[in-house]
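Everything on this sheet refers to the single structure shown next.
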Amino acid sequence: MAMDQISEMGAKPVALCLAEFSQPEACLHAAERVRDQGYQKWDVHTPYPVHGMDAAMGLGDSRLGWIVLCFGLTGVTAAFSMMYWMNGIDYPLIIGGKPADAIPSMVPILFELTVLLSAFGSLLGMLHLNKLPRHHHPVFYSERFDQCSNDKFFISIEAADRQFDAGHTKAFMESLRPDYVELVHEEDR
């Protein structure tokens, strides 16, 4: 049944389909099957990191390193440009016969601004890549999801996925042999 049909009947629209597993290996193999099925908007929720889960989900390397590199290069370029302009062009002072672009005297400031902007880049990049801040996710509407922080493993497929169909997705999730499957509905909050 499509999401439009569910809303027309007066029920709250489906937000996602949630499957619960009690063993990490079962969740890992189920994640591989979800990946192979072609779903795009889905996630795995575990109480601790599970070795091999990134590969099972088809996740590549993080782009955070590239973001930090760009911010760091911006920092070192800005620091060098600022000091060269101030010391060599705007207000040139020749002290001890050193030229305006004497790199050894610039090293502390180059290092500090590179580290500062890299730290900002890692924080802002992490927030952007994790789509934060997101104060609440529909997965929290499930009462069973509280066990995720203790000893249960979950896979959720969001209704926003182009392949999502409440009936077919629930049947597919049941074929993964979880302990429990539920359709989680949006709630008014």
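Residues in region 97-131 that are closer than 30 Å to VAL50 by Cα and open to solvent by 80 Å² or more (accessible area, probe 1.4 Å): PHE120, LEU123, LEU124, HIS128, ASN130, LYS131.
Of the residues making up region 21-38, those that are on the phi < 0 side of the Ramachandran plot and open to solvent by 10 Å² or more (accessible area, probe 1.4 Å) are SER22, GLN23, PRO24, GLU25, ALA26, LEU28, HIS29, GLU32, ARG33, ARG35, ASP36, GLN37. Determine, yes or no, whether VAL14 is in contact with a Cys (Cβ under 7 Å, 6 or more places away or on another chain), open to solvent by less than 80 Å² (accessible area, probe 1.4 Å), under 22 Å from GLY167 (Cα atoms) and touching a residue at least 12 places away in the same chain (Cβ under 8 Å). Judged against the criteria, VAL14 is not a match.
In region 129-151, the residues that are among the aliphatic types (A, V, I, L, M) form Cβ pairs under 9 Å with partners that are open to solvent by 90 Å² or more (accessible area, probe 1.4 Å), at six or more places apart or across chains, as follows: LEU129/ARG63. Apart from one condition, HIS136 fits all of (1) farther than 16 Å from ASP43 by Cβ; (2) modelled with pLDDT under 95; (3) not charged (D, E, K, R); the exception is (1).
Residue-wise test of (1) aromatic (Phe, Trp, Tyr); (2) under 30 Å from ASP36 (Cα atoms); (3) in contact (Cβ under 8 Å) with a residue 24 or more places away in the chain.
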site: MET57; (1), (2), (3): no, yes, yes
site: ASP61; (1), (2), (3): no, yes, no
site: VAL68; (1), (2), (3): no, no, yes
site: VAL76; (1), (2), (3): no, no, yes
site: PHE80; (1), (2), (3): yes, no, yes
site: GLY88; (1), (2), (3): no, no, no
site: SER105; (1), (2), (3): no, no, no
site: PHE111; (1), (2), (3): yes, no, no
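Filtering region 53-79 to residues that are in contact with a Gly (Cβ under 9 Å, 6 or more places away or on another chain) and either open to solvent by less than 30 Å² (accessible area, probe 1.4 Å) or closer than 26 Å to ASP151 by Cα (or both) leaves ASP54, GLY72, GLY75.
Which residues, taken from region 134-148, are assigned to a helix (DSSP H, G or I) and among the polar types (S, T, N, Q)? Correct list: GLN147 only. Give ASP151, ASP161 a once-over and let me know the one that is assigned to a loop (DSSP other than H, G, I, E, B) and surrounded by 15 or more Cβ atoms within 10 Å (Cβ to Cβ). One residue alone meets the criteria, ASP161. Of all the residues in region 107-133, those that are under 18 Å from the mean Cα position of the chain (by Cα), polar (S, T, N, Q) and assigned to a helix (DSSP H, G or I) number 1. Just checking, does region 44-52 include any residue being assigned to a helix (DSSP H, G or I), free of Cβ contacts under 8 Å to residues at least 40 places away in the same chain and either more than 24 Å from GLN163 (Cβ to Cβ) or open to solvent by 40 Å² or more (accessible area, probe 1.4 Å) (or both)? No, that holds for no residue.
The values are calculated or read from the model by the stated rules, or taken from the named source; none is laboratory data. Please read all numbers here as calculations on a predicted model, not as lab measurements. Every residue, glycine among them, receives a Cβ derived from its backbone with ideal geometry; neighbour counts consider all protein chains shown. SASA here: full protein model, heavy atoms, side chains in, ligands and nucleic acids out. Shrake-Rupley method; radii C 1.70, N 1.55, O 1.52, S 1.80 Å.
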